[in-house]
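First up is the structure itself, then whatever we jot down about it.
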Amino acid sequence: MERTGPLNARLGSRTRLLAACAFSSLGTACSAPGAQPADLVLRDGAVRTMDTARPTAEAVAIREGRLVYVGSGAGLEPFLGPDTEIVELNGRLVLPGFVDTHVHPVSGGIEAGECDLNGSTSRREVLDRVARCATAKPEAPWVRGGGFDLPLFDRGAPRRELLDSLVPDRPAYLTSADAHSAWVNSRALEIAGVTDETPDPPPDGVIVRTADGRPQGTLRESAMALVARHLPEHTASEVRAGLRHGLALAASYGITTVHEANATEAFAAAYHHLDATETLPSRAVIALDVDEGRGPEQVAELVAIRDRYRSARARPVAAKIFLDGVIESGTAALLEDYDDRPGWRGELNLSPTALDTLVAALDDAGFKVHVHAIGDRAIRTALDAFGRQRERDGGQGPRHVLAHIQLFDPSDIPRFAEYGVVASFQPLWFYADTYITELTEPRLGPDRARWLYPGRTLEETGAVVAAGSDWSVSSMNPLLAIETAVTRRAPDAESGPAWIPQERVDLDTAIRWYTIRGAVASDLDQETGSITAGKSADLVVLDRDIFSDAPERISDAVVDLTIFEGRVVYRRATPP
Ligand SMILES: [Zn+2]
């Protein structure tokens, strides 16, 4: 259990949690020995609890979905009954179920069922996959999907003629892996009525144009909506299928709590429906989509959605605000000019005053505000708003989240701990890929680029640092992100220089980001995030102990078993 500053107020409920549990040298047990056998025990393993009161153990016992014993093998005896299922760990590592504090299970899952370009490593591969998508579904009115990497194309701006050659007969709409750009063909532009005369839509839209001023086929940020609004709506069953796919993938990676990072009402309805009809394989903190173009009058609608679709495992208690764009497209809001574009600092999607008003209304209504902030100006503006809200409510409101947080002005770093704001990083982005070396660092210069993803500096301030994947933007696999947080190298690189090496963290810290800190970020640290007797039995079993191997090999480990609320929600098909 974490005991950093902002948590002190909650220790009272921890005391309640453990009131019925007895702590001894053998282990912590939550019922009188011999009283009732466990449903499931895991024994003879390397259990890393992420609970500082008992950091390691050999065995756990589970009854009715909860951990009733955490401790040595010797203390397990009273929990073994004739019907107790036993998992022999043989030294394998057990961790708390992972918490992904920024992920898109629904839209990623839907995308996986469409033209899925994620993981393409060359331009050729992207083109081949698009061509296959077009022939695979000749009757579909649109070719849609996404996940291609922008750097595969000149200036991160693929041309429509190229897409016309692959999809000549229908409109096509394909989003980039970062979801901040779309590649469209001529038919799609025609349907949307986008011509040479169409202005870039405010606040941050860019219609990329050729030298002679014609729409080239790439749309950025709010310009994407010019075409996207003509896409046919996904049916309820497509949305549910997407969610089912997204959460099954999460379970396969050991994730037992997700923060759905941007939900429409239809998405919230899908969570609610699946939880009622088939029981979700993880719990979800759901951030409802806020319309940045509207003011606090929309909060009543969000409250209605929250009330309608709240269930035991699906909690639409958060609200998502996009404050800026991304550096690689020049749409992130910076404090100083982009180096390659004098006079341009990017735009905020809403003014500081509008953000303040919205944060106040959402906070008053009990919403956890989840802000997308990438540039140093977006981060500062969001912190200003949270700081002012804290002055108004004395820190009694919900815990808010800043996600992505790429470029910092160092003076803002201590403010996360000061205001109790969660720093939600996507640690898989902590290495120098081509997004960084070609599209980010050259726009910032070395002095500013030093403050890209300062994970360790932020950690040392005592802030609640948590982790997430932003899938389907990046892989959902927490082990890839944990390795990258530790090495600051590409997870498939065995050697080579670390990127901003002073920002590396140790393995224990990286795992905390993905477990107990994520639980704190969710306001669920009394329920999950550590292997503590009394908490929900949310566990992941890896095939090896990554603490006893080289950091470069962390992501070679695979998940053997994922347990959520005491139920096995994923079991690897062929354990060795
Ligand atoms: Zn996201």
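The values are calculated or read from the model by the stated rules, or taken from the named source; none is laboratory data. Everything numeric here is computed off the predicted structure, so don't read it as measured data. For neighbour counting, all protein chains shown are included, and Cβ atoms are generated from backbone atoms with ideal geometry for every residue, glycine included. Calculation scope for accessible area: heavy atoms of the full protein, side chains included, ligands and nucleic acids excluded. Shrake-Rupley method; radii C 1.70, N 1.55, O 1.52, S 1.80 Å.
Structure notes:
- Any hit, the stretch 314-321, residues being free of Cβ contacts under 8 Å to residues at least 40 places away in the same chain and either under 30 Å from A269 (Cβ atoms) or of a type in the set (S, T, Y) (or both): yes
- Every listed requirement among (1) within 16 Å of the ligand (Cβ to nearest atom); (2) closer than 29 Å to D149 by Cα is met by G330 save one, (1).
- The residue pairs whose first member lies in the stretch 398-409 and is in contact (Cβ under 8 Å) with a residue 24 or more places away in the chain and over 14 Å from G518 (Cβ atoms), whose second member is among the basic types (K, R) and away from the ligand (no atom under 12 Å from the Cβ), and whose beta carbons are closer than 8 Å, counting only pairs six or more residues apart or on different chains, are P398/K368; H400/K368; L407/R448; D409/R380.
- Flag: R209 matches the condition of being of a type in the set (D, E, K, R), more than 16 Å from the ligand (Cβ to nearest atom), within 26 Å of P158 (Cβ to Cβ) and open to solvent by 10 Å² or more (accessible area, probe 1.4 Å).
- Positions within the stretch 1-53 being of a type outside the set (D, E, K, R), within 30 Å of P414 (Cα to Cα) and at pLDDT 60 or above, in sequence order: T49, M50, T52, A53
- The stretch 561-571, residues that are in contact (Cβ under 8 Å) with a residue 12 or more places away in the chain and over 14 Å from P478 (Cα atoms): L561, I563, F564, E565, G566, R567, V569, Y570
- Residues in the stretch 165-203 that are within 16 Å of the ligand (Cβ to nearest atom) and not β-branched (V, I, T) were compared, and the one that is surrounded by the fewest Cβ atoms within 10 Å (Cβ to Cβ) is A179.
- Selection within the stretch 266-293 - farther than 21 Å from V401 by Cβ and of a type outside the set (A, V, I, L, M, F, W, C): H272, H273, D275, T277, E278, T279, P281, G293
- Any hit, the stretch 371-378, residues being within 16 Å of the ligand (Cβ to nearest atom), of a type in the set (D, E, K, R) and touching a residue at least 12 places away in the same chain (Cβ under 8 Å): no
- Among the residues of this structure, T357 counts as one that is over 30 Å from L439 (Cβ atoms) and either at pLDDT below 95 or more than 23 Å from the chain's Cα centre (by Cα) (or both).
- Some residue of the stretch 293-310 being more than 24 Å from E238 (Cα to Cα), within 15 Å of the ligand (Cβ to nearest atom) and not hydroxyl-bearing (S, T, Y): no
- Residue in the stretch 130-148 that is within 14 Å of the ligand (Cβ to nearest atom), among the β-branched types (V, I, T) and in a strand (DSSP E or B) present: no
- Residue in the stretch 261-276 that is in contact with a helix residue (DSSP H, G or I) (Cβ under 8 Å, 6 or more places away or on another chain) and surrounded by fewer than 16 Cβ atoms within 10 Å (Cβ to Cβ) present: yes
- Test for G91: is it at positive phi and touching a residue at least 60 places away in the same chain (Cβ under 8 Å): yes
- Within the stretch 338-348, tally of residues that are within 29 Å of the chain's Cα centre (by Cα) and open to solvent by 30 Å² or more (accessible area, probe 1.4 Å): 2
- Considering the stretch 429-460, and only residues there that are in a helix (DSSP H, G or I) and open to solvent by less than 30 Å² (accessible area, probe 1.4 Å), the residue that is nearest to V103 (Cα to Cα) turns out to be G455.
- When L231, L249, L243, L226 are checked against the criterion of being under 17 Å from the mean Cα position of the chain (by Cα) and open to solvent by 10 Å² or more (accessible area, probe 1.4 Å), L249 stands alone in meeting it.
- Per the listing P171, P151, P138, the residue uniquely modelled with pLDDT under 95 and over 27 Å from D470 (Cα atoms) is P138.
- S475 falls short on exactly one of the conditions (1) among the small types (G, A, S); (2) within 16 Å of the ligand (Cβ to nearest atom); (3) more than 30 Å from G145 (Cβ to Cβ); (4) surrounded by fewer than 24 Cβ atoms within 10 Å (Cβ to Cβ), and that condition is (3).
- Qualifying positions in the stretch 354-391 - open to solvent by 30 Å² or more (accessible area, probe 1.4 Å) and within 16 Å of R415 (Cα to Cα): R377, R380, D384, R388, R390, E391
- Residue selected from the stretch 229-278 under the condition without any contact (Cβ under 8 Å) to a residue 40 or more places away in the chain and among the hydroxyl-bearing types (S, T, Y), by the criterion farthest from the ligand (Cβ to nearest atom): T277
- In the stretch 392-412, the residues that are crowded, with 19+ Cβ neighbours inside 10 Å and under 12 Å from L452 (Cα atoms): H404, I405, Q406, L407, F408
- Residue in the stretch 472-507 that is farthest from L542 (Cα to Cα), counting only those that are outside any helix (DSSP H, G or I) and among the acidic types (D, E): E494
- Applying the criterion of at least 1 residues that are open to solvent by less than 10 Å² (accessible area, probe 1.4 Å) and more than 16 Å from the ligand (Cβ to nearest atom) to the strands (runs of 3 or more DSSP E) found wholly in the stretch 75-127 leaves 93-96, 98-103.
- Residue that is in contact (Cβ under 8 Å) with a residue 24 or more places away in the chain, open to solvent by 10 Å² or more (accessible area, probe 1.4 Å) and among the β-branched types (V, I, T), where the choices are I516, I511, I531, I500: I500
- Filtering the stretch 538-567 to residues that are outside any loop (DSSP other than H, G, I, E, B) and either surrounded by fewer than 15 Cβ atoms within 10 Å (Cβ to Cβ) or among the basic types (K, R) (or both) leaves F547, S548, R553, D556, R567.
- Consider the stretch 382-410 and keep the residues that are assigned to a loop (DSSP other than H, G, I, E, B) and polar (S, T, N, Q). The one that is farthest from G330 (Cα to Cα) is Q396.
- Just one of the listed residues (A510, A463) is away from the ligand (no atom under 16 Å from the Cβ) and part of a loop (DSSP other than H, G, I, E, B), namely A463.
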